[in-house]
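> Questions regarding the structure given below will be posed in turn.
The values are calculated or read from the model by the stated rules, or taken from the named source; none is laboratory data. Because the structure is predicted, anything quoted here is derived from the model rather than measured. Cβ placement follows ideal geometry from the backbone for every residue including glycine, while neighbour counts extend to all protein chains displayed. These area figures cover heavy atoms from the full protein model, side chains too; ligands, DNA and RNA do not enter into them. Shrake-Rupley method; radii C 1.70, N 1.55, O 1.52, S 1.80 Å.
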Amino acid sequence: VLNKSTLVAYADTGLMVNSATATDLIVYLADYENANLNTIPFVKCISRIGWLDSNDFFPYRTKIPVVFDTEYSEANDIYRHMLPSGDFEVWKQYMRTHRKNPYGRFLLAASFASPLLEKLSHRVFFIHIWHDSKSGKTAAIKAAVSVWGNPSKLMGSFNATAVGLERMAGTLKHLPFGIDELQVLNEKRMSIESIVFSLGSNTGRLRGSKTGGLQETMQWRNIVLTSGEQPMGKDNDTDGIFSRVLEIYAKPTESQEFARSLHQISIQHYGHAGEWYMRELIRRLDADEAFLKKDYDRMLTALREKHPNSGHLDNAAVVCL
């Protein structure tokens, strides 16, 4: 607000300012702040979701007041649409039915598993479900994302830029990142391989700032849930893609009718389960910080004994956990 050009931009949000009055308003605001330095309360702000120091997780539990503040409208949309909406009991009723399909259940479990990656120091990985059209893939991804908020705002698209995908991943930070419809990707502009390695590296690229210097480099550690009508990996791809992407060829819903209902339920009733889950998880972490790692190691050992020649067992163990 102490820069003339950026102050004028706030006219879009209702501030009565224009290019003629901006200079006078800046002088007034500077004097106002200076006169009230010891009066204006100090408030910490954050521009992304997820784990903080210790066992705090924004926005569900913070030891001191924290507000969400960012210049990116997409990030503000994500935060606003994490507020619980609709009826938790209706959501649970549909998810009980949805969980009868093992692939739908796996995607739903992966959504809950995403915040565990940070606590386990586990790397980012993709779960890609693919099948023919009208097999309920998008409905299942939306249902998984509805654990945390409105999937219409928390999901991305393959018809996006690298910067846009990084920014969404960085805002979600530790929450699952759903990306729909692989077939709309324009591979002349951005390849599947570049997306997998970019998001899988869990760190954004260094970019210059318009005002000089460097932009803040975004980081994330989450599970990326994707869908499409084709596999993500090809026979001639590097091993890096296959090690980062757990691919599932399956129908994650039992019928088209149920998939249509799941679409509607997910955008009308959302955001309840994630808050309940994180509060319970934090309560258990406060009681025993090591319990997650012990349970994860036990599950991974059991999977390796049962499937000694299989890949992705470490990722499967996280979802099981």
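> Which angle from 0 to 90°, rounded to the nearest 10, does the C-alpha axis of helix 291-306 make with the longest principal axis of the chain?
Approximately 30 degrees, to the nearest ten.
> Report the equivalent ellipsoid semi-axes for segment 220-321 in whole Å, largest first, defined as the square roots of five times the eigenvalues of the gyration tensor built from alpha carbon atoms.
Over the Cα atoms of segment 220-321, the semi-axes work out to 27, 26, 13 Å.
> If I compute solvent accessible area with a 1.4 Å probe over the protein chains, what percent of it on segment 16-86 is carbon and sulfur?
Reported share for carbon and sulfur atoms: 55 percent.
> To continue, here is another question. Tell me which aspartates and glutamates have Cα within less than 19 Å of Lys100's Cα, excluding those fewer than 8 residues away on the same chain?
Glu89, Glu254, Glu257
> Now, a different point. Which one, Pro41, Ala22, Met95, projects farthest toward the positive side of the charge dipole computed for the chain from Cβ point charges (K/R +1, D/E -1)?
It is Met95.
> Measure out, as a whole number of angstrom, how far apart the alpha-carbon centroids of segment 51-78 and segment 235-300 sit.
Segment 51-78 and segment 235-300 have Cα centres separated by 21 Å.
> Using DSSP to call loops (not H, G, I, E or B), can you name the GluC sites (Glu not before Pro) in segment 66-165 whose Cβ has at most 11 other Cβ atoms within 10 angstrom?
Details: sites: Glu71, Glu74, Glu89, Glu118; in loops: Glu71.
In loop regions of segment 66-165 (DSSP not H, G, I, E or B), the sparsely surrounded GluC sites (Glu not before Pro) are Glu71.
> A further question on this structure: What ranking, highest mean first, results for peptides 148-160, 285-297 when packing means the other Cβ atoms within 10 Å averaged over each residue?
148-160, 285-297
> Kindly work out what percent of the DSSP beta bridges joining two residues of the chain are antiparallel, to the nearest 5.
Of those bridges, close to 25 percent are antiparallel.
> So which of Lys4/Lys153; Lys92/Lys153; Lys92/Lys251; Lys4/Lys63; Lys119/Lys142 end up more than 29 Å apart by C-alpha?
Over 29 Å Cα-Cα: Lys4/Lys153; Lys4/Lys63.
> Accessible area per residue, 1.4 Å probe, Å², for the chain: what's the number?
Accessible area per residue: 53 Å².
> Right, next: Give the relative contact order (percent, whole number) for the chain; include only Cα pairs under 8 Å separated by 6+ residues.
24 percent
> Which of the chymotrypsin sites (Phe, Trp or Tyr not before Pro) found in segment 1-79 are loop residues per DSSP with 10 or fewer other Cβ atoms within 10 Å of their Cβ?
Hits after loop and neighbour filter: Phe42.
> Under 16 Å from the 7 Å Cα→Cβ point of Lys100, by amide nitrogen: which residues of segment 240-282?
Zone members listed by number: 252-262.
> Return the FRET efficiency for the residue pair Cys320, Glu71: r is the Cβ-Cβ distance, R0 is 30 Å, and the value is rounded to the nearest 0.05.
Calculated value: 0.15.
> Could you pull out every one of the aspartates and glutamates with an alpha carbon less than 20 Å from that of Lys188, ignoring same-chain neighbours closer than 8 positions?
Glu166, Asp180, Glu229, Asp235, Asp237
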